[in-house]
Amino acid sequence: MRLPRAHLLTAPHSPLSARLAHALAFPACAPTRSPVAAPARISHPRTMASTKASSASVDAQKQDLPAIFKWANQSDGVFRRQVSSFRFWISNDPQATFQPAKGRYHLYVSWACPWAHRVLIVRALKKLEDVISVSVVDWLLGEKGWRFHPDTPNATIDHLHPGTQYLREIYFKAEPEYQGRFTVPVLWDTKTSTIVNNESSEIIRMLNHAFDEFIPSGAQEAKGLDLYPEELRKEIDELNAWVYDGFNNGVYKSGFATTQPAYEAAAVVVFSSLDRIEAILRDKEFLCGPGKGVFTEADVRCWTTVVRFDPVYHTHFKCNLRSIAKDYPSVLRWARRVYQMPGVAETVDMTHIKNHYFQSHIQINPTRVVPINVGPNLAAPLIKPGTVGAGPEA
């Protein structure tokens with residue numbers, strides 16, 4: 001199943017919003033930034049007023065909201081992500097319960113979610129659209145979690161179980177006593193009628209090679225693509241670790257914090273991580289590998305946060321010390337390079353992304369007003385192979 005293309009600059013609401021968004025869009029080329037320096041410590045005097053504000057924010061976390069909106073710890077205001085529950089593996093081992101097969105597996109995803117977005121990108125790059133089918137939830141994350149609402153543009157029904165209203169029902173089909181969060185992505189096995197895995201980092205590694213024999217004969221480049229080459233695994237794992245903690249998950253720790261100290265601690269690490277990424281990409285095309293680098297899963301995992309940073313995290317999660325468009329020219333060039341790879345742009349739906357964050361997280365944005373910024377234009381200018389550094393981009 002192929003879903004409609006959704007361009008990065010899709011207007012979130014009306015034609016007027018589209019005109020405003022384009023009029024106020026970031027310039028195509030970001031100014032050259034001075035060498036990366038350690039981020040300045042955010043200054044926040046510990047006045048009685050600020051102490052009261054922190055106490056009030058904790059009280060707000062305890063207000064009468066459904067549990068799904070209470071993300072931070074109620075004692076210290078810190079957001080801690082739960083561990084994924086289903087961790088089975090698809091393998092060519094003859095004894096394996098889950099063996100690769102065309103049409104056997106199905107993905108439940110959200111265009112809005114950066115973790116599901118990783119999987120959609122790898123599925124596209126590996127040309128597995130006709131091998132692994134997809135159902136897409138609505139962008140709104142409500143009291144009962146992700147829902148299927150086909151009247152929402154670019155969302156679908158549950159193709160496997162027509163009549164299913166919420167993703168939570170899929171979890172209960174797999175485990176009737178399930179008590180965790182109902183997250184995407186979900187990799188479902190139609191043969192055993194259960195969830196194989198709901199951890200994005202593991203799903204993208206399965207998609208990396210497990211289904212190579214089913215890739216169309218005319219897509220040899222996809223079959224040869226190795227996003228986790230053995231000789232780079234140590235480097236990839238090390239980079240993934242700090243990028244995840246400080247950046248991928250760091251923006252959430254900043255945004256969901258309910259005390260000033262918890263927010264400041266997380267926000268500072270977000271930008272120290274971005275500075276490290278900028279430093280790596282100043283002389284490289286990709287994050288890992290010798291010379292100018294090799295495109296790997298590390299790029300995929302980092303990119304889905306970068307593409308959401310200016311239009312969402314900068315405002316919604318209060319990560320506003322700097323922006324990608326204005327302060328990180330090497331990151332911006334790399335972001336354009338990845339976006340311009342065949343198949344990647346089709347995985348970006350900025351309407352779903354923006355509407356999800358600004359209208360779902362009512363504990364952060366109770367008015368549900370959606371800002372007009374859609375982030376920098378990643379479709380232009382075109383990035384030529386071999387272009388690195390802070391010089392001309394095309």
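The values are calculated or read from the model by the stated rules, or taken from the named source; none is laboratory data. As the structure is a computational prediction, the values presented were derived from the model and not from experiment. For neighbour counting, all protein chains shown are included, and Cβ atoms are generated from backbone atoms with ideal geometry for every residue, glycine included. Accessible surface areas use protein heavy atoms only, side chains included; no ligands, DNA or RNA. Shrake-Rupley method; radii C 1.70, N 1.55, O 1.52, S 1.80 Å.
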Fill in: Solvent-accessible surface (1.4 angstrom probe) belonging to H149, in square angstrom, nearest 10
60
Worksheet item: Taking every DSSP beta bridge that has both residues in region 77-225, what percent is antiparallel when rounded to the nearest 5?
Response: 75
Worksheet item: At a 1.4 Å probe, what is the % contribution of carbon and sulfur to the accessible area of region 77-225?
Response: 49
Item to complete: Any chance you could check the Cα centroid distance between region 266-292 and region 354-376 for me, in angstrom?
Response: 27
Worksheet item: Which FRET efficiency value, to the nearest 0.05, is calculated for D226 and Y178 with the Förster distance at 35 angstrom and r the Cβ-Cβ distance?
Response: 0.50
Worksheet, complete the sentence: Taking every other residue with Cβ under 11 Å from the Cβ of V251 and scoring Lys and Arg +1, Asp and Glu -1, one gets +3
Item to complete: Rounding to the nearest 20 debye, state how big the charge dipole of region 227-341 is about its Cα centre with +1 on each Lys and Arg Cβ and -1 on each Asp and Glu Cβ.
Response: 400
Item to complete: Rounding to the nearest 20 debye, state how big the charge dipole of region 77-225 is about its Cα centre with +1 on each Lys and Arg Cβ and -1 on each Asp and Glu Cβ.
Response: 280
Discussion item. Just want to confirm a number: the relative contact order over region 227-341, from Cα pairs under 8 angstrom separated by 6+ residues, in percent.
Written reply: 28
Worksheet item: Given a 1.4 Å probe, how much area per residue of region 227-341 is accessible, in Å²?
Response: 29
Worksheet item: How about region 110-208: which trypsin sites (Lys or Arg not before Pro) there are in a DSSP loop, with at most 16 other Cβ atoms within 10 Å of their Cβ?
Response: K144, R181, K191
Discussion item. Rolling a 1.4 Å sphere over the protein heavy atoms, what is the accessible area per residue of region 77-225, to the nearest Å²?
Written reply: 43
Worksheet entry | Accessible area (Å², 1.4 Å probe, nearest 10) - T97 | 90
